[in-house]
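Just below is one structure, and these are the notes that go with it.
The values are calculated or read from the model by the stated rules, or taken from the named source; none is laboratory data. Everything numeric in this text was worked out from a predicted model, so none of it was measured. Neighbour counts run over all protein chains shown; Cβ positions are idealised from the backbone, glycine included.
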Amino acid sequence: MTQLKKTLGLIDGISLLIGITIGSAIFATPQIIATYQNSFVSILMLWIIVTIFVFIGSLIYAELGSRFPNTGGEFIYISKAFGPFWGFIFGWAQLLIIRTSPAAGISLITANYIGYFFDINQFQKNIIAILIIILFGAINYLGVQRASFYNKFSSLVKTFGIIVFVSAGLIIYGSDFSNLQPAIQPTQSLGPVGNFVAASILVLFSYLGWDRVGYVAGEMKDPKKIIPQTMFYGISLIAIIYLAANLLYHTVLGLEGVRSSIIVASDTASILFGNIGAATISLVVIISATGSINGTMMSASRLYYAMAREGLLFNWFNHLHPQYRTPTHSIIAHCIWGIALLVIRQNFETIVSGMVFTILIFYIITTLAFFKFRKKRQGAKGYRLPFYPALPLVYLIGLITLVTLRLIFQFNISVQDLSFVLTGVPIYFLFFKQKVNR
């Protein structure tokens, strides 16, 4: 029987985690988060709290990846634990909001940073964002090699670029932290709890990607040892980068300046390094953001294709191009719906907060699956989460609390987000239930 080759070590795991997690969020969310908080200290505490929360979640996913290595992630976990209906709903949500929202939201961020070079209005930015989705759809359509090359290129540029930018910026600016002192009333009016929830969801968006590392557990030399180390060191490094970037933005611009910025990284670089520096960091953001769009499109299209092969998505998605050997129908669908979300929702925060809200719901379902697998001792032996059941229980309670509070404080938009997912219920019973039961 052919086995996966176990070649990945700790450095490989950390590189993968950083590459898939750091995208455009650290260049786009700080200015929005600042509108929900009254000081840099409260923003710093928010990032630390969410980082700890993410770390616990990453260890749960590390065990799941160790139990079911390379089998399709949450789709398999949820299907094994609760049956094909819930697996379908998860996959449907991927198409309708979770995986297509990054194409919509991050293309808008890319257009904003392109706006540093050209004087363009919001309508023109929307057109550019649509063209970006089409461009990377074409790259993915024409072959996985092209898409994979751009993925590696963008990962190198964004990791090196942000580290140099933040390190050089803090060194150049010196020890003048006077801009961190003033506390100013938040400009958002959801109240202390509502503002905290809304800001937390944006911080969580910045960390999305850690849940993919467990997918390659079967190719790690010693997953029981390497996965938790990857999560600890990788997330710690990302947290340091994120906290340092926030420190730089607020040190240079102050809370008021961060709030008023549309392209916070470029505005910070402009003060520190002049026009050339601002242009350089704008280019880094553009490459980083489009790399994120490209990477998500690569993985998401394969998920739609795999679901169709298992009879849990329309057969139209079960198509490989005879020449390019890519799931072209899935790529086309991903692009069309990404553009539709951009047109329907238009606002970056609405797009990404809806995506994270929906992901949190499936994190709840996945965590419940984790408890079930533990109880029934399902899956392969490997890494085991310490302090069970206390740690996963804290995580589960945190997830449920965030989802509930978001429903309370942003009810209308939460219902809209849920409606994308719930359209899958009649679709399943009309088209797929009988196929599954055969």
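I'm trying to understand the selection: among the residues of region 296-326, which are closer than 28 Å to I163 by Cα and surrounded by fewer than 24 Cβ atoms within 10 Å (Cβ to Cβ)?
Correct list: M298, S299.
Check region 98-118 and report whether any residue there is touching a Lys or Arg at 6+ places or on another chain (Cβ under 7 Å) and surrounded by fewer than 22 Cβ atoms within 10 Å (Cβ to Cβ).
The answer is yes, given that some residue of region 98-118 is touching a Lys or Arg at 6+ places or on another chain (Cβ under 7 Å) and surrounded by fewer than 22 Cβ atoms within 10 Å (Cβ to Cβ).
Having 3 or more residues that are among the aromatic types (F, W, Y) is the bar; report the helices (runs of 4 or more DSSP H) wholly within region 15-105 that clear it.
Counting at least 3 such residues, we get 40-67, 74-82, 84-93.
So T187 clears everything in (1) touching a residue at least 24 places away in the same chain (Cβ under 8 Å); (2) assigned to a helix (DSSP H, G or I); (3) β-branched (V, I, T) except one condition, right? Which one?
Only one criterion in (1) touching a residue at least 24 places away in the same chain (Cβ under 8 Å); (2) assigned to a helix (DSSP H, G or I); (3) β-branched (V, I, T) is unmet by T187, namely (2).
Considering T29, T35, which residue is modelled with pLDDT of 80 or more and either small (G, A, S) or in contact with a Phe, Trp or Tyr (Cβ under 8 Å, 6 or more places away or on another chain) (or both)?
T29
Please verify whether K158 is among the charged types (D, E, K, R), crowded, with 19+ Cβ neighbours inside 10 Å and either without any contact (Cβ under 8 Å) to a residue 12 or more places away in the chain or part of a helix (DSSP H, G or I) (or both), treating the condition exactly as stated.
Yes: the conditions hold for K158.
From G311, G291, which residue is touching a helix residue (DSSP H, G or I) at 6+ places or on another chain (Cβ under 9 Å), of a type in the set (G, A, S) and in a helix (DSSP H, G or I)?
It is G291.
Scan region 189-204 for residues that are of a type outside the set (A, V, I, L, M), crowded, with 17+ Cβ neighbours inside 10 Å and over 16 Å from F411 (Cβ atoms) and jot them down.
F196, S200, listed by residue number.
Assess whether I171 counts as being surrounded by fewer than 21 Cβ atoms within 10 Å (Cβ to Cβ), closer than 20 Å to I26 by Cα and not polar (S, T, N, Q).
Yes: the conditions hold for I171.
Can you name every residue in region 248-270 that is hydroxyl-bearing (S, T, Y) and surrounded by 17 or more Cβ atoms within 10 Å (Cβ to Cβ)?
Y249, T251, S261, S266, T268, S270
Quickly run through region 132-186 and pick out the residues that are closer than 30 Å to P327 by Cα and polar (S, T, N, Q).
The answer is N140, Q145, S148, N151, S154, S155, T159.
The rows are residues; the columns are (1) assigned to a helix (DSSP H, G or I); (2) touching a Leu at 6+ places or on another chain (Cβ under 9 Å); (3) crowded, with 19+ Cβ neighbours inside 10 Å.
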position: I331; (1), (2), (3): yes, no, yes
position: V343; (1), (2), (3): yes, no, no
position: I351; (1), (2), (3): yes, yes, yes
position: A380; (1), (2), (3): no, no, no
position: T404; (1), (2), (3): yes, no, no
position: F420; (1), (2), (3): yes, yes, yes
position: V425; (1), (2), (3): yes, no, no
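Per-residue answers, yes or no, for (1) over 25 Å from N151 (Cα atoms); (2) surrounded by fewer than 24 Cβ atoms within 10 Å (Cβ to Cβ); (3) β-branched (V, I, T):
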residue	(1), (2), (3)
Y207	no, no, no
D222	yes, yes, no
F232	no, yes, no
I240	no, yes, yes
L272	yes, yes, no
I276	yes, yes, yes
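Has region 136-153 got at least one residue that is surrounded by fewer than 17 Cβ atoms within 10 Å (Cβ to Cβ), over 24 Å from I48 (Cβ atoms), hydroxyl-bearing (S, T, Y) and in contact (Cβ under 8 Å) with a residue 60 or more places away in the chain?
yes
Just checking, does region 60-77 include any residue being out of contact with any helix residue (DSSP H, G or I) (no Cβ under 8 Å at 6 or more places or on another chain) and of a type in the set (V, I, T)?
For region 60-77, residues out of contact with any helix residue (DSSP H, G or I) (no Cβ under 8 Å at 6 or more places or on another chain) and of a type in the set (V, I, T): present.
Residue check: is A62 under 22 Å from Q229 (Cα atoms), under 20 Å from the mean Cα position of the chain (by Cα), crowded, with 19+ Cβ neighbours inside 10 Å and among the aliphatic types (A, V, I, L, M)?
Yes.
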